[in-house]
Amino acid sequence: MAKDSFFTRAVSMYVDGFRSMTVGRRLWAVILIKLAILFFVFKLFFFPDILKENYDNDADRARAVRSALAPAKN
């Protein structure tokens with residue numbers, strides 16, 4: 001019988017642990033919902049769409065992105 005690798009045993013341990021949870025499932029659901037809300041709030045308030053604010057159309061936005069990514073010419 002082949003010896004299982006560390007990775008296989010670790011994954012098996014976590015899968016068995018999550019499968020046998022009762023209260024933990026509800027707690028993980030609450031944690032995931034909180035994270036989703038948190039990232040949504042961060043996106044809204046801390047990461048504004050600067051290209052949309054500074055440029056009127058897609059062509060101008062594309063030009064701005066291409067010029068920012070272009071290598072500097074000496």
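The values are calculated or read from the model by the stated rules, or taken from the named source; none is laboratory data. Here the structure is a predicted model, which means the values were calculated and not measured. Please note: Cβ atoms are built from the backbone with ideal geometry, for glycine as well, and neighbour counts cover all protein chains shown. We work out accessible area using only protein heavy atoms, side chains counted, and drop any ligands, DNA or RNA first. Shrake-Rupley method; radii C 1.70, N 1.55, O 1.52, S 1.80 Å.
Label point 7 Å out from Met21 along Cα-to-Cβ: which residues of segment 33-72 have amide N under 14 Å?
Hits in segment 33-72 for Met21 at 14 Å: 33-35.
In the chain, which whole DSSP H runs stretch at least 18 Å along their own axis (Cα) and average -1.0 or higher on the Kyte-Doolittle scale?
Result, helices passing both filters: 6-19, 23-46.
Let me check the size of the chain from its C-alpha atoms; what are the radius of gyration and Dmax in Å?
23.5, 66
Over the Cα atoms of segment 6-48, Rg to Rh with Kirkwood Rh, two decimal places?
1.24
Determine the per residue accessible area of the chain with all protein chains present and a 1.4 angstrom probe, expressed in square angstrom.
So the chain comes to 100 Å² accessible per residue, rounded to a whole number.
How long is the gain from Ile31 to Val11 if the chain were fully straight, where each residue apart is worth 0.36 nm and the alpha carbon distance is subtracted?
5.1 nm
I need the Debye-formula profile for segment 32-74: one equal scatterer per C-alpha, no solvent, reported as log10 I(q)/I(0) at q = 0.21, 0.26 1/Å, two decimals.
Debye intensities relative to I(0), on a log10 scale: -0.75, -0.85.
How large is the helix-only mean residue ellipticity at 222 nm for the chain, computed as the sum of -39500 (n - 2.57) over DSSP H runs with n ≥ 4, divided by its residue count, in deg cm²/dmol to the nearest 500?
One gets -24000 deg cm²/dmol as the mean residue ellipticity at 222 nm.
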